[in-house]
Each structure stands twice: as structure tokens, then as C-alpha cells.
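A quick write-up on the structure given underneath.
The values are calculated or read from the model by the stated rules, or taken from the named source; none is laboratory data. Model, not experiment: these values are computed from the prediction. We place every Cβ from the backbone using ideal geometry, glycine too, and count neighbours over all the protein chains shown. Side chains are part of the model used for accessible areas, which takes the heavy atoms of the whole protein and leaves out ligands, DNA and RNA. Shrake-Rupley method; radii C 1.70, N 1.55, O 1.52, S 1.80 Å.
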Amino acid sequence: MKNKVLKLIIFLMIICIGTKINVASAAEESANISLNASSEKVANNEKFEIMVGADNSSIAACTLWIYYENEKVECNTNNGNINVLENKIIYTWYSNSGKNKTMNDILNLEFTAKNEGIATFAITGEIYNENGEEIVYTADEEVT
């Protein structure tokens, strides 16, 4: 499983660079999971969002681990589906019906920039279809 990485550069501003992850299962299903920032540039102490998207992919369940540099940014999001531990966010979701759900947006996380420098975000996880088959990650090209 390959990690997806999103880098934010903070020089009193944050610039976002991200990559996409293609996802495919043994059943020839595919999905595209993305990690994007709400703004290309944010000032120190400014709030911004990181969005995890699925590009209308069919998913029945997932557990995602989003890693970030907690000395550079602070996570402000707190809800029932996430657990924030120092530099890691654990997000779990499943379809109430157990069937695939077409998803475009998986999760929005709010952060605050704390320090100048480069802050890196990485995401990895497990995604399943309604048959309990794991959907496997493959890397795609970088997106800016």
C-alpha cells in the first residue's frame, strides 16, 4: 500500500502540493482518493481545511490514517468518527446498509498553521467494497 502525501510549505504562507492515489480491487473496481487543501496559501495562525475526496467512488467502509507535522500545524477538528493522536488522525467510516455508497467527499479537516517551514501531510488506510474485498492503492502522478 502506497501513502499519499500532501505538502504544505509555511513561509508565513502555506502552499499546497498534493498527489492523487488510484485505488483498485481484485474485482477490477477502481477509485481515486485525493487529499487537497482549501487554499494554496495561508498565513501563519490562519485556519485552513484539508479535504479527503473519493471522486464519486463506490465504497462500503474505510479506515484512514492522516499523518501531519503537529509542530507546524494544529488539527481543530473533533467529531465522533475521528481520533486525533499527536501527529495522526484516525478516521473510520462504514455504510449503514453495508452496501457500496457513491462518495465524492469523505472528510474535511480544519487545521491552523502554527510555525513557518514545511508541513507534510500523508494519508494511508484500508478501503473495502460491499463484498468485504479490500480496495488496493496504486500511486498516481502529483497534482499541484
Checklist entry - Where in the range 86-110 does the amide nitrogen come within less than 15 Å of the point 7 Å from the Cα of E126, taken along Cα to Cβ? => result 90-95
Item to check | FRET efficiency, N96 to E40 (Cβ-Cβ, R0 35 Å, nearest 0.05) | outcome: 0.45
Item to check | Å² of accessible area per residue within the range 57-120, as computed with a 1.4 Å probe and no ligands counted | outcome: 52
